[in-house]
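K.L.:
Here it is: the structure, laid out below.
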Amino acid sequence: MTAGPTPLPSVSVCFPAYNEEATIAGVLEDAHALLIDSGLDYEILVCNDGSTDGTGSIIDQLAARVPRCRAVHHVRNRGIRETFEHLYAEASKDFVFLNSTDRQWDTRILLSMLPLTREWDIVVASRRDKHYGPARRFVSWGFNLAPRLLFGVRIGDAGAVKLVRREIIERFALLSRSPFSEAERLVRAARAGYRIVEVETETAPRRSGRARGVSRKLVLEALIDVVRVWRALRREARSGVVVGRGPESTHANR
């Protein structure tokens, strides 16, 4: 008898939210409608990062009536990196899918990404068009070039939506305190032998809220983190520290 396909893993579907009252209800309702009939073992987690509009109350109302949906709140705005890390810490399923709430990525892409986990440990939903202006496009280019030049790891879109094996999130203690933490996790995972693939994905431009991904302060903090991580990995290499080994594979980061 021929064995059937390997069952899809369980997944924590996570959403950071800051002043997204125009889109948050629709995003969470769409995610619920997609997942409830999917047959997946899933949970929906949303973190309100100290919003000053109606985002928090909308989230609470939805969490009260939507099965397997849970809300967490920050009393004050703590920023995108801490919001991501809080969601990662709350996640309990095999894989973590962290999406935005501004409708740039359709949660439906998760259904095409999950089957790839039979071969890959991290699936990156790389953007074909980031819909950025010139300044932010340049910052993004530099942000993604650094891992290749300094760490020998090719990352085309470190800031994109990802589906990540939760074991990877729990395994590596990150040094970065800026959004460069997303790139650092990919660098450490690739160096440890985990398998990473990028899938080009169509995205929509942000239509509401305010993008918080780049500012002079964040760019400076990211540059500092690049140097800190580079130095730390060089020290680890010189001292013979074993960062860890992922699942046996000769196809890491192919």
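K.L.:
Pick out, from region 53-115, the helices (runs of 4 or more DSSP H) lying fully within it that include 1 or more residues that are of a type outside the set (Val, Ile, Thr) and free of Cβ contacts under 8 Å to residues at least 40 places away in the same chain.
P.N.:
On the way: elements: 55-65, 80-90, 109-113.
Here the list reads 55-65, 80-90.
K.L.:
State whether one or more residues within region 163-176 are part of a loop (DSSP other than H, G, I, E, B), of a type outside the set (A, V, I, L, M, F, W, C) and modelled with pLDDT under 90.
P.N.:
The first filter runs over region 163-176 and keeps only residues part of a loop (DSSP other than H, G, I, E, B), leaving 172-176.
Retained after the next criterion (residues that are of a type outside the set (A, V, I, L, M, F, W, C)): 176.
Applying the additional criterion that residues be modelled with pLDDT under 90 yields none.
No, region 163-176 contains no residue that is part of a loop (DSSP other than H, G, I, E, B), of a type outside the set (A, V, I, L, M, F, W, C) and modelled with pLDDT under 90.
K.L.:
Please work out which one of (1) surrounded by fewer than 15 Cβ atoms within 10 Å (Cβ to Cβ); (2) modelled with pLDDT of 65 or more; (3) farther than 23 Å from Arg177 by Cα is the condition Ala237 fails and give its number.
P.N.:
For Ala237, the exception is condition (3).
K.L.:
In addition: Please enumerate the residues belonging to region 177-195 that are hydrophobic (A, V, I, L, M, F, W, C), buried (at least 23 other Cβ atoms within 10 Å of the Cβ) and not in a helix (DSSP H, G or I). Walk me through how you get there before you give the answer.
P.N.:
We begin by selecting, within region 177-195, every residue hydrophobic (A, V, I, L, M, F, W, C); these are 180, 183, 186-187, 189-190, 192.
Remaining after also requiring buried (at least 23 other Cβ atoms within 10 Å of the Cβ): 180, 183, 186-187, 189.
The one that is hydrophobic (A, V, I, L, M, F, W, C), buried (at least 23 other Cβ atoms within 10 Å of the Cβ) and not in a helix (DSSP H, G or I): Phe180.
K.L.:
Is it fair to say Val27 is under 28 Å from Ala158 (Cβ atoms), out of contact with any Gly (no Cβ under 9 Å at 6 or more places or on another chain) and surrounded by fewer than 19 Cβ atoms within 10 Å (Cβ to Cβ)?
P.N.:
The answer is no for Val27.
K.L.:
May I pose another question? Determine which member of the set Arg206, Arg210 is modelled with pLDDT under 80, farther than 18 Å from Phe95 by Cα and in contact with a His (Cβ under 9 Å, 6 or more places away or on another chain). Let's see the steps before the verdict.
P.N.:
On the way: Arg210 fails: in contact with a His (Cβ under 9 Å, 6 or more places away or on another chain).
The unique qualifying residue is Arg206.
The values are calculated or read from the model by the stated rules, or taken from the named source; none is laboratory data. Here the structure is a predicted model, which means the values were calculated and not measured. Because the Cβ atoms are built from the backbone with ideal geometry, glycine has one as well, and the counts that use them run over all protein chains shown.
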